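Right, one structure below, let's go through it.
The values are calculated or read from the model by the stated rules, or taken from the named source; none is laboratory data. Since we're looking at a predicted model, the values are computed, not measured. Cβ atoms come from the backbone with ideal geometry, glycine included; neighbour counts cover every protein chain shown. Side chains are part of the model used for accessible areas, which takes the heavy atoms of the whole protein and leaves out ligands, DNA and RNA. Shrake-Rupley method; radii C 1.70, N 1.55, O 1.52, S 1.80 Å.
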Amino acid sequence: TYKTLILTRCFTSDSTTIMLLVLCLALVALGQAEHKSYEGYQVITINPTTADDVRDVVSLVADRAMKASYWQDPVAVLPFDVMVAPETALVFVEALIYKDIQYTIAVSNVQRFIEREEASRARGAVSQEEDPVNYILSDYQRHDTINAWLNDMGSQYAMANVNSIGSSYEGRDMRAIAISGGSGRPAIVIDCALHAREWITVPTCIYAIQTLLTQYNSNADVRAMVDSYDWHFLPVANPDGYEYTHTSDRMWRKTRSPTNDVLCTGTDANRNFDAFWGEAGVDFDPCSDVYPGSRAFSEIETQNIRDWIQSIPSKRLYLNVHSYTQLWLTPWGYNPNERYPADYAELERVATLAMAGLRSVNGREFIVGTPPDILYPASGGAYDWAKASAGVKYSYAPELRPASAIEGGFILDTTHIMPSGREVFEALRIHAEEMRA
């Protein structure tokens, strides 16, 4: 690749001047800034029939030479999705055939899905001038646009207060909004896009903000939600990574901070919280998508989120929103001391009712459960930390639509924005109605 070629020339050069090294690293950064193409990349749906099938595929994906990564993590002995580079796809499939593991090609060319998403954005997006109210939900907006919209909401609505919770590694302002109809109420805290490529989470977060503000005076359910709780939202929890998905690599997941490997950038922010950090579901190779960082809260973004959450009094509910697979994950993502929190039955009760409400909107089925029950365990997650260390009784990690890669996985056209917003808002309404002190 361009980056590898530059590094080879840099480190085989006879010159040892600092200036040359700086120039080489700058050229590496330039190579990283090229927009990555996913031409020929395939997403393969694994259809395991035994736990051994799952373990065999996990071993294949762990082999860096395979150039494979999960789109959908293994879920018990159920289908899951793996993206494979074009130069290794044949070898990967041959390994599946050799092991007699069933599979289907869900996406034959990831780049075509990206182009379809871009075309839907071009068709559907409207400017603020064309529609000052609804433009924000017509597209997957950029971070600066979202911050400007939040500022507008803070100016237009007396019940809204917008503030910065800090800056990202690259200096982007992480702005949050609080919606409150009075004092002394318990709080609901929601953040989105901690994983950069999960675009559908951002407008889903924005839909909830907009609905709470614009329908307070006209919708009795909305009024009850605001009168009962203070609402706190962080629409883009990983702004550097999110911007990078717009400018350079649509499938980027991590933050954008440097690591101890000059070839690899970023940490999985949802493995970086101080909740049995580094013990399960991680890979300490800095090139891995699940690299947990050098220590708990090594990332400025997770530090900012930690401090923001801790600053909010009387927290009742926390949602760390992701996509995809249509799950509503309950704690614990990983806890070697207990499989479930003591109040798990109550968390499951409320989530199950919320998912029934969600299903009533668009017919989407979401599964409720803990990651060790339906996924592989993963430590260092934000929602585990919120439950264990931040005093939040009801803590969840929703995985939004779609259910599978066949529908697009992370790459959804903009026609999904409003349906996702509506169904998740109904789940929020039921959470607010059903939670107990």
Label model pair Glu94, Glu170: point-to-point distance (7 angstrom along the Cα→beta-carbon line) in nm is 3.9 nm
Which of Cys192, Cys205, Cys287 moves most in a GNM of the chain, Cα contacts under 10 Å? Cys287
Considering only DSSP beta bridges where both residues belong to the chain, give the percentage that are antiparallel (nearest 5). 60 percent
Give the angle, between 0 and 90 degrees and rounded to the nearest 10, that separates the Cα long axis of helix 143-156 from the longest principal axis of the Cα atoms of the chain. 10 degrees
With viscosity set to 0.890 mPa s and temperature to 25 °C, compute the Stokes-Einstein D of the chain, Rh being the Kirkwood radius across alpha carbon pairs; µm²/s, no decimals. 109 µm²/s
Give the total of Lys-Lys pairs in the chain with Cα-Cα distances below 20 Å; include a pair only if its members are 8 or more places apart or on different chains. 9
Using helices alone, I'd like the mean residue ellipticity at 222 nm for the chain: each DSSP H run of four-plus residues gives -39500 (n - 2.57), total over residue count, nearest 500. -12000 deg cm²/dmol
What number comes out for accessible area per residue over the range 145-261 if the probe is 1.4 Å? Units Å², please. 31 Å²
What do you get for the angle between helix 110-124 and the principal long axis of the chain? Use alpha-carbon atoms, 0 to 90 degrees, nearest ten. 40 degrees
To the nearest 10 degrees, how steeply does helix 300-311 sit against the main Cα axis of the chain, on a 0 to 90 scale? 20 degrees
Picking from Gly266, Thr50, Val75, whose Cα lies most toward the positive end of the charge dipole for the chain (charges on Cβ: Lys, Arg +1; Asp, Glu -1)? Gly266
Between Ala85 and Asp227, what FRET efficiency follows from the Cβ-Cβ distance if R0 is 45 Å, with the result rounded to 0.05? 0.30
Karplus (6.51, -1.76, 1.60) ³J(HN,Hα), θ = phi - 60°, over the range 60-77, in Hz, Gly and Pro reported as x: 4, 5, 5, 6, 4, 5, 6, 6, 10, 8, 6, 9, 9, 5, x, 10, 6, 10
Charge-dipole axis of the range 160-250 as Lys and Arg at +1 and Asp and Glu at -1 on Cβ define it, positive-most pick from Ser183, Tyr242, Trp199: Ser183
Of the residues Leu319, Val93, Thr415, the Cα lying farthest along the dipole of the chain towards its positive end, which is defined by charges on the beta carbon of Lys, Arg, Asp and Glu, belongs to Leu319
Can you compute the charge dipole magnitude of the chain about its Cα centre, using +1 on each Lys and Arg Cβ and -1 on each Asp and Glu Cβ, nothing else charged? Give it in debye, rounded to the nearest 20. 480 debye
Of all accessible heavy-atom area on the chain, the percent that carbon and sulfur account for (1.4 Å): 52 percent
At most 15 other Cβ within 10 Å, DSSP loop - GluC sites (Glu not before Pro), the range 310-416: Glu338, Glu365
Specify the residue with the greatest mean-square fluctuation among Val290, Val43, Val133, computed from a Gaussian network of the chain linking alpha-carbon atoms under 10 Å apart. Val133
GluC sites (Glu not before Pro) within the range 29-108: which are DSSP loop residues with at most 16 other Cβ atoms inside 10 Å? Glu34, Glu39, Glu87
